[in-house]
Amino acid sequence: MRDFAAAAQPLTDAGGLREALRAATSLVVLTGAGISAESGVPTFRGTGGLWRNYSPEELATPEAFARNPRLVWEWYDWRRQVIYQAQPNAGHQALVELEHRIAARPPGEGGFTLVTQNVDGLHDRAGSRQVLKLHGDIWLTRCTVCGALERNEYVLLKELPPRCRCGCVLRPGVVWFGETLPAAEWERASQACARTQVIMVVGTSAVVYPAAGLAELARAAGARLAIINLEPTPLDSRADWVLSGKAGAILPALL
Ligand code: OAD
């Protein structure tokens, strides 16, 4: 494994990818928790990952919430505190720049599409204009009874679980295991993948479906696939480029 940040090696594998990015009029970027790791937001799997110490069954399923909404909210409230203090990093910022560059090119079929599994909102804070959030948004709450959706970008420390104006319990506006992805976002993401020239998969273990399936969808439709990750992923064997290292170093270097 090469760590470009630590070893300051040239991006020897990246030459072809740089060329492809320079020529592309359509690009999909799929991000996961790894892109926010350098901002201090813990990932789920791997070293220091949240699922090493917590169980998804107890914290990220509708059943867990029905059983113990307060416990689930305490966990989400803690994550909101961590994310609140975090700042977008050079990886998030490089994707903003890439969006501008692709938008400035002669109009192609697809343009730039950013798809994320992250709920932290750091792509928005960096300045990405259109982010398809497949797993929801930690800054949204949704009423479990009247369905009212609200954005509250503060840390909810008062009463847990928080309550809607209608008096009923609010849930985090995220997608839990066993739930379906938001239909409109999924539709737009899969359409973009079906016509993109290049897909870059950044900082995701690529084991959670259907999100990870987007890379396969794009590949099957003829896109070239680039992986940027600290560790190997199940998609590596099908990728055109595998760049091992930190997203916050590799993405700016690609530009
Ligand atoms: P994971 O925690 O599964 O994977 C994070 C990936 O990022 C790993 O493959 C790491 O090797 C890599 N990584 C860590 N730091 C990195 C860095 N600085 N640069 C590049 N790569 C780095 O997170 P996701 O794949 O996003 O869903 O997880 C997918 C879903 O599973 C999440 O959205 C969440 C989780 O359970 C739900 O909660 C429903």
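No value in this document is a laboratory result; all are computed from the given coordinates. All values derive from a computational prediction rather than experimental measurement. As a convention, Cβ positions derive from the backbone with ideal geometry for all residues, glycine included, and neighbour counts pool all protein chains shown.
What does the net charge come to around residue 116 if you take all other residues with beta carbon closer than 11 Å to its beta carbon, with K and R at +1 and D and E at -1? Working shown, then result.
Working: positive: 133; negative: 120, 124, 137, 185.
Net charge around residue 116: -3.
Through the Karplus equation 6.51 cos²θ - 1.76 cosθ + 1.60, θ set to phi - 60°, convert the phi angles of segment 159-170 into ³J(HN,Hα) values in whole Hz; use x for Gly and Pro.
For segment 159-170, the Karplus curve yields 9, 10, x, x, 10, 6, 4, 6, x, 8, 5, 8 Hz.
Would you order 102, 227 from fewest to most other beta-carbon atoms within 10 Å of each residue's own beta-carbon? If you can, show how the numbers build up before the last one.
Values: 102 18, 227 23.
Taking fewest neighbouring Cβ atoms as first place, the list is 102, 227.
Report, in whole Å, the centroid distance computed from the Cα atoms of segment 198-221 and segment 59-112.
Between the Cα centres of segment 198-221 and segment 59-112 lies a distance of 17 Å.
So if I place +1 on the C-beta of Lys and Arg and -1 on the C-beta of Asp and Glu, and nothing else carries charge, what would the dipole magnitude of the chain be about its Cα centre? I want it in debye, nearest 20.
On the way: 26 positive and 25 negative charges, 64 e Å.
Its charge dipole is roughly 300 debye.
Size of the dipole of segment 34-147 about the Cα centre, Lys and Arg at +1 and Asp and Glu at -1 on the beta carbon, nothing else charged, in debye to 20? Don't skip to the answer; put the middle values down first.
Numbers: 12 positive and 12 negative charges, 13 e Å.
Using Cβ point charges on Lys, Arg, Asp and Glu, segment 34-147 gives about 60 debye.
Treat the count of other C-beta atoms within 10 Å as a stand-in for reagent exposure and order 159, 185, 74 from fewest to most.
Values: 159 9, 185 18, 74 14.
If I rank by nearby Cβ atoms, fewest first, I get 159, 74, 185.
How do 208, 131 line up, fewest other C-beta atoms within 10 Å first?
Working: 208 16, 131 21.
Ascending Cβ contact count within 10 Å gives the list 208, 131.
If you place +1 on the Cβ of every Lys and Arg and -1 on the Cβ of every Asp and Glu, how big does the dipole about the Cα centre of segment 167-255 come out, in debye to the nearest 20?
Values: 7 positive and 7 negative charges, 31 e Å.
Once rounded to the nearest 20, the dipole reads 140 debye.
Sort the following peptides by mean Cβ neighbour count (other Cβ atoms within 10 Å, averaged over residues), highest first: 188-197, 42-51. Each step should come with its number before you reach the end.
Working: 188-197: 20.3, 42-51: 15.8.
Result, highest mean first: 188-197, 42-51.
Can you give the convex hull volume per residue for the Cα atoms of the chain, as a whole number of Å³?
Enclosed volume per residue, from the Cα hull, is 122 Å³.
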